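Enquirer: Structure below; questions to follow.
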Amino acid sequence: MPKRQKDIGLVDKIFLIAAIKGVALLFKRFIRNLFEAILVELGFRKRGQHIVTVQYPDDILPYPLRYRGRHRLTLDDEGRIKCTSCFLCATACPAKCIYIEPAEHPNPSIEKFPHRYEIDTLLCIYCGFCVEACPVDAIRMDTGIHPHVYPTNPNFFIEDKETLLKRSLLMRKFSKSELIESHLKKIRDYETNNASFTHNFETG
Ligand code: SF4
Ligand code: SF4
């Protein structure tokens, strides 16, 4: 028998007692946090160590160095899409959320390009396997931008080729921190003014 199972006492094995203990702990922390929040509001204390709620988007925690961010489709030096519709990313994707429709490229030296390329970000688990699988560096997750707060319409979560390409164009024009700030501003505007969301955002 695993050690952890063995260590659970008889009292803890009775679900009701464990539930009561859980509610008691919750209540204790609620009172502690409430008391601390009142002191912070009255100016007697700086934000308490126990209150960990982050008032996003006004307040953000620093992202870890390894944070990837949303996808983008890359462009070559002449501004053409790098993707050759090889399907390796879609094949590697564990969530099966990449949809590609290939088409013949007008340039005979390039076999194919994606007529349609979409990622359903409601299904995506942001694992990065698509990036690893791509043989031509056509897809990256280096924008540093996390997903938007969308209204409850699943179609808003589908990122199309134009949205994914636009991120690469924006990254040529603006620094990553400028894009993140613009992204946060949109969320603030949305929350304060209830501004309507459209599918194509400036920061994608
Ligand atoms: S990050 Fe992972 S889940 Fe998301 S599209 Fe890429 S492979 Fe699929
Ligand atoms: S993004 Fe890369 S792996 Fe995916 S279809 Fe295009 S070239 Fe292939």
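Enquirer: Residue 116 to residue 92: extension gain in nm, 0.36 nm per residue of separation minus the Cα-Cα distance?
Expert: 6.8 nm
Enquirer: If you don't mind, another one. Would you list, by chain and number, the lysines whose Cα falls below 27 Å from the Cα of residue 186, excluding same-chain residues fewer than 8 positions away?
Expert: By straight Cα distance, residue 186 reaches 161, 166, 173, 176.
Enquirer: Further question on the same structure: Search the structure for amide H atoms under 5 Å from the amide H of residue 139, placed 1.01 Å from N in the peptide plane, and list their residues when 5 or more places away or on another chain.
Expert: Excluding prolines and chain starts, which carry no amide H, the hits are 74.
Enquirer: Hey, another quick one. Quick one: which residues, 5 or more positions from residue 158 or on another chain, have an amide H under 5 Å from its amide H? H modelled 1.01 Å from N in the peptide plane, none for Pro or chain starts.
Expert: Counting only residues 5 or more places away or on other chains, the set is 121.
Enquirer: Oh, and also: Can you list the aspartates and glutamates whose alpha carbon is less than 19 Å from that of residue 21, not counting same-chain residues fewer than 8 positions off?
Expert: 7, 12
Enquirer: Could I ask something else about it? For the chain, which DSSP H helices look membrane-span-like by this rule: Cα extent along the axis of 30 Å or more and mean Kyte-Doolittle of at least 1.0?
Expert: Counting only whole DSSP H runs, the qualifying helices are 15-41.
Enquirer: Separate question: For region 69-158, with the dipole built from +1 on Lys and Arg beta-carbon atoms and -1 on Asp and Glu ones, taken about the Cα centre, which of 157, 103, 73 lies farthest toward the positive end?
Expert: Farthest along the dipole direction, towards plus: 157.
Enquirer: Placing +1 on the Cβ of each Lys and Arg and -1 on the Cβ of each Asp and Glu in region 72-193, which of 114, 134, 147 has its Cα farthest towards the positive end of the resulting dipole?
Expert: Farthest towards the positive end: 147.
Enquirer: In percent, what relative contact order does region 38-182 have, based on Cα pairs under 8 Å that are 6 or more apart in sequence?
Expert: 27
Enquirer: Would you please put 104-117, 65-78, 82-95 in order of how densely packed they are, using the mean number of other Cβ atoms within 10 angstrom per residue and starting with the highest?
Expert: 82-95, 65-78, 104-117
Enquirer: Next up: Might you report the magnitude of the Cβ-based charge dipole of the chain about its Cα centre, with Lys and Arg at +1 and Asp and Glu at -1, to the nearest 20 debye?
Expert: Dipole about the Cα centre, nearest 20: 1140 debye.
Enquirer: Strictly greater than 26 Å: what percent of every Cα pair in the chain meets that?
Expert: 54
Enquirer: Another question, if that's okay. Can you compute the helix-only [θ] at 222 nm over the chain? Use -39500 (n - 2.57) per DSSP H run of at least 4 residues, normalise by all residues, nearest 500 deg cm²/dmol.
Expert: -11500 deg cm²/dmol, from helical runs alone.
Where a number appears in this text, it was derived from the coordinates with a stated rule and is not lab data. What you see is a predicted model; the values in this text were computed from it and never measured. When we count neighbours, we look across all protein chains shown, and the Cβ atoms used for this are built from the backbone with ideal geometry, even at glycine.
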